[in-house]
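A short write-up of the structure that comes next.
The values are calculated or read from the model by the stated rules, or taken from the named source; none is laboratory data. Owing to the predicted nature of the structure, the values given are computational and were not obtained by experimental measurement. FYI the Cβ positions are ideal-geometry reconstructions off the backbone, even for glycines, and counts take in every protein chain you see. Surface accessibility is based on the protein's heavy atoms, side chains included, excluding ligands, DNA and RNA. Shrake-Rupley method; radii C 1.70, N 1.55, O 1.52, S 1.80 Å.
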Amino acid sequence: MPTEPAGGEPAPAVELTGITKRFPGVVANSDVNITVRPGTVHALVGENGAGKSTLMKILYGMQQPDEGVIAVHGAPVVFASPADAIGAGIGMVHQHFMLADNLTVLENVVLGSEPGSAVALDFAAARRRIRDISDSYGLNVDPDRLVDELGVGERQRVEILKVLYRGARTLILDEPTAVLVPQEVDELFGNLRELKAEGLTILFISHKLDEVLSVADDITVIRRGTTVASVSPKEVTARKLAELMVGTALPVPELRESTVTDRPVLTVTGLTVTGADGRRVLDDVSFTIHAGEVLGIAGVEGNGQAELVEALMGIRAPAAGRIALGGRDITRLPTRRRREAGMGYIPEDRHRQGVVLESTLWENRVLGHQTRKPSSRGPLIDIRAAKADTERIVRDYDVRTPNIDVHASALSGGNQQKLIVGREMSADPVLLIASHPTRGVDVGAQAAIWDHIRRARAEHLAVLLISADLDELIGMSDSLSVILRGRLVADHDPATVTPEQLGSAMTGAEGED
Amino acid sequence: MTAGLSVRAGSTPPARGKRKLPALAWVGAIAAVLLVLSAVRVFAGATDLTSSGTVQAALTAAVPLAMAALAGMWAERAGVINIGLEGMMVLGTFGAGFAGYQWGPWAGVVFGLLLGAIGGLLHAVATVTFGVDHIISGVAINLLAPGLALFLSKLYFSDAPGGGQKQSPRIDDAQKITIPGLSDVLGAVEDKRWFFVSDVAGMLRGLVTQVSLLTVLAALLIAGSVWLLWHTPFGLRLRSCGEAPVAAESLGVNVYKYKYLAVTASGAFAGLGGAFLAVSSGQFRDGQTSGRGFIGLAAMIFGNWRPGGLAAGASLFGYTDAMALRGSAAVHALLLLLGIALVVVAVLQLRSGHHVLSSVAGFLGVLFGFWYFSSDAVPAELVGAAPYVVTLLVLGLASQRLRPPKFIGAPYLRGQGK
């Protein structure tokens, strides 16, 4: 039994003592101690792969600890499944939303604990309850919309509402800001403060230190699976926190001197893409990227970025327009020929497009390069050379892996991403399309990826950078365009623009009329 | 707060195409279809196009298809592809034959349902518990079921009075109902051969005359499925298993249980479809289903995985089936109808910017029109193929805005959520 704090202080909402979790070959958590005071926002910070997620899965009953005690409001508990955790008033908002797109908000929220009888779901009662919760916490959620139609911020609020609907008093938010634009982040923090004011407790997982400092009441730092410090945001700076997290200073996205040349590499003219329903998802987009230039595209997700990238890569056929790579018209070339012509591609979703999780690292290295040296020799895959080159990537790009014969799924997200970057930088590309290259990766990997992009840029690589991280966009771009509803609506100078200005341009709050 | 509001406005993808047509548009569309039908009927002199007899035959043909489609929908809404519908229907036909000749049509229906459910259960065990690829398991059932049915038929029907190695003794048909006054009045109007009015009367008469109780039961089952799947907690959970099983599991839904229930129910519906087929044709015969399970799947896809849509799809295929039964002249008139329909599709697709699809449809439409005007009859060999050709065309051209359940066909293992 953990000792109760002395005096009249209430028992901690959640207390983890000596939690240890081992996986075959790895210790994910060792001797973790966290005390969360009720009615506070408690941040858990640490690099990806530091063991935050495992810890939260343990707290939410998705995994069981090998050692240690979980106590909720002073009473020790054992969670065999998420249902037990929900029963104890703990709810989780997953980083990857657990929502069914083809169901309405209402259906998503009530699923599993539906009001009404077995033969008739009481839609009216559910609607009322959802509106009540939505109003009292300022979540602004319409129960009758299809989740498919919602933006990222709204989906997140639906997730929060889902947990509240189940009566949770302690909310775990796993990297909630990873997918949001600054205004949405502010809004989310507003929601969190309201939740806190209502007496709810929030466990907030993040590696974005500024955000943590602005919203948290207490901060626990976790490094290599164990808690290394518990600090108050008043006594600590972002720099100090970063040092606690990684032992080094926080990397900054910045470009040094300009390397932009006047040799155009990618010239896009009048590119138009129509969706399945005939609507223009990309409308008359034109731009040029020169050798040694990074063009950043800012925009709220779903405004045509994915379509732009797919059209450039030859995954989606454009309805009109012309794409030229180094003066050569590649509009009609298939994806493989484009890649052979020197296009590298860091996809937005590494699990769907970047790696085959159930294949080994070296097999993943071959993918996309299956017709080129050193991966292949004639019609055959050159396994020896491919493996040797994978070793090179693992070494040069600091991919942390036991060996190159493990499945990609064994790697953490940041390491998978470094492998992808390494692969795409192989074979000397002339153009790199980087879609959210540092999404969901830790500070160390982020710095490494930025560094690789900077180095390649100095060697006259042209880069198209799409990111939701505005600091990254501003810091890493030589020029910036804003995409809104499939059109490039504004150009900004990254040297002068602020994230706030960019944010409002992205939402069409300025310059639309 | 203004910034927040504009974020929401900006992050919302622009509204997609109209989700629902207003009621008036539906009435207009149906009236337009009827008008074209009447016009073709008058022009081609093919009374069968809109006669009450055709509608009756179409209804009889549509019911097994609708049941197969409904079966497919139940399984696929829970995320399991059920290509084994055909095999489960075969089991249903045998069950109906076995029980039907001994204890009457309704016992046949119950037995068909049970045998189908066993087929469904088998599919569920393979796909849900053992993670077998859904297609492979379905094909296995399609291979297994006819063999089993034939074996059992030899075993039980060879020595039965009126039975044979490949067919059961006769089964009495289920009761049929007619709405007395209405049917006669509509009949009188139909006989006048007035443009449009008689056609509508004929079609309505087909719907109220000599309707088998099995058809009524099928309609009730479709309506019941709407209620069960879209208005009860059970249905919501079942559908969530096909859309986002990981999310469902995280909310305490027992995904395996719902998949089992859905696939078993799917088998039961398919068996029911087979039973309807056997009962309405008076006996079990080997090979009786002749691909109806697959056409049912096609009807389900055409219906966008929705009960109303699949009923429409089944009616369409049932109608062409009925035309094929009516013979060469009717199918010949059908050519013209198809030509017109394809041209309409071409125009609609052109308007939404799908040029390739539009040209293909237009080309085929003109081809069918040309075929109609340059010939007097359709070769007998092709008459029987009409329903399949229509199935192909409809699926090829209408599958633009379909929205299958998101997690369909994917293997699901408990605890795979991250």
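Numbers at a glance
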read-out: Gyration tensor verdict on the range A:328-436 (Cα atoms; rounded if a/c is under 1.5, prolate if a/b is larger than b/c, oblate otherwise); value: oblate
read-out: Dipole in debye (nearest 20) - the range B:47-326, about Cα centre, beta carbon charges: Lys, Arg +1; Asp, Glu -1; value: 200 debye
read-out: Cβ-placed point charges (K, R +1; D, E -1), dipole of the protein assembly as shown about Cα centre in debye, nearest 20; value: 2080 debye
read-out: For residue A:14, residues with placed amide H under 5 Å, excluding near neighbours; value: A:36, A:73
read-out: Inter-label distance for residue B:227 and residue A:229, nm, one decimal - labels placed 7 Å from Cα along Cα-to-Cβ; value: 6.4 nm
read-out: Computed magnitude of the charge dipole of the range B:185-303 (debye, nearest 20; Cβ of K, R +1, Cβ of D, E -1); value: 120 debye
read-out: Cα-based shape type of the protein assembly as shown, given that a ≥ b ≥ c are square roots of the gyration tensor eigenvalues and the cut on a/c is 1.5; value: prolate
read-out: In Hz, Karplus ³J(HN,Hα) per residue of the range A:104-115 (6.51, -1.76, 1.60; θ = phi - 60°; x = Gly, Pro); value: 6, 4, 4, 4, 4, 6, 7, 3, x, 9, 7, x
read-out: Contour excess over end-to-end distance, with Cα ends at residue B:178 and residue B:351 and 0.36 nm allotted per residue; value: 57.9 nm
read-out: Hz values of 3J(HN,Hα) by residue in the range B:64-81 - Karplus curve (6.51, -1.76, 1.60), Gly and Pro given as x; value: x, 5, 4, 5, 5, 5, 4, 4, x, 5, 4, 5, 6, 5, 8, x, 10, 6
read-out: At R0 = 41 Å, FRET efficiency that the Cβ-Cβ distance of residue A:136 and residue B:30 yields, to 0.05; value: 0.30
read-out: The range A:40-92 versus the range B:310-346: alpha-carbon centroid distance in Å; value: 61 Å
read-out: FRET E, pair residue B:195, residue B:219, Förster distance 35 Å, beta-carbon r, rounded to 0.05; value: 0.70
read-out: The range A:377-422 shape via C-alpha gyration tensor axes, a/c threshold 1.5; value: prolate
read-out: Linear extension gain, residue A:149 paired with residue A:258, 0.36 nm per residue minus alpha-carbon span; value: 35.2 nm
read-out: Anchor residue A:234: lysines whose Cα lies under 30 Å away (excluding residues fewer than 8 positions away in-chain); value: A:52, A:57, A:196, A:208
read-out: Backbone HN-Hα couplings from phi across the range A:209-215 [Karplus 6.51/-1.76/1.60, Hz, Gly and Pro as x]; value: 6, 4, 5, 4, 5, 7, 10
read-out: Cross-link reach list, aspartates and glutamates versus residue A:387, counting only Cα pairs under 13 Å and skipping chain neighbours closer than eight places; value: A:363, A:405
read-out: Net charge contributed by nearby residues that have their C-beta within less than 10 Å of residue A:405 (K/R +1, D/E -1); value: 0
read-out: Distant-in-sequence amide H partners of residue A:490 (H built 1.01 Å from N, under 5 Å); value: A:482
read-out: Two-site label geometry, residue A:460 and residue A:117: point separation in nm, points 7 Å out along Cα→Cβ; value: 7.8 nm
read-out: Helix-only [θ]222 nm of chain B, DSSP H runs n ≥ 4, -39500 (n - 2.57) each, per residue, nearest 500; value: -24000 deg cm²/dmol
read-out: Under 15 Å, Cβ to Cβ, from residue B:327 - net charge with Lys/Arg +1 and Asp/Glu -1; value: -3
read-out: Probe 1.4 Å, protein heavy atoms only - accessible area per residue of the protein assembly as shown in square angstrom; value: 42 Å²
read-out: Among B:32, B:61, B:299: highest mean-square fluctuation, GNM of chain B, C-alpha pairs under 10 Å; value: B:32
read-out: Long-range HN-HN contacts of residue A:442 with modeled amide H, under 5 Å; value: A:48, A:414
read-out: Per-residue [θ]222 nm for chain A (sum of -39500 (n - 2.57) over DSSP H runs n ≥ 4, rounded to 500); value: -9000 deg cm²/dmol
read-out: Loop sites in the range A:238-339: GluC sites (Glu not before Pro), DSSP, at most 15 other Cβ within 10 Å; value: A:254, A:257
read-out: Within-13-Å neighbourhood charge of residue B:157 [Cβ basis; K, R +1; D, E -1]; value: +2
read-out: Helix A:182-197 vs. chain A, principal-axis angle (Cα, 0 to 90°, nearest 10); value: 10 degrees
read-out: Nearest-10 value in Å² for the accessible area of residue A:331, using the 1.4 Å probe; value: 10 Å²
read-out: The range A:397-429-the range A:192-219 distance, computed between alpha-carbon centres (Å); value: 33 Å
read-out: Taking the range A:14-246 and dividing mean pair separation by its residue count, relative contact order in percent (alpha carbons under 8 Å, at least six apart); value: 29 percent
read-out: DSSP-defined antiparallel bridges as percent of all bridges, the protein assembly as shown, nearest 5; value: 60 percent
read-out: Relative contact order (%) - chain A, alpha-carbon pairs under 8 angstrom, separation at least six; value: 15 percent
read-out: Between 0 and 90°, nearest 10: helix A:383-396 axis offset from chain A longest Cα axis; value: 60 degrees
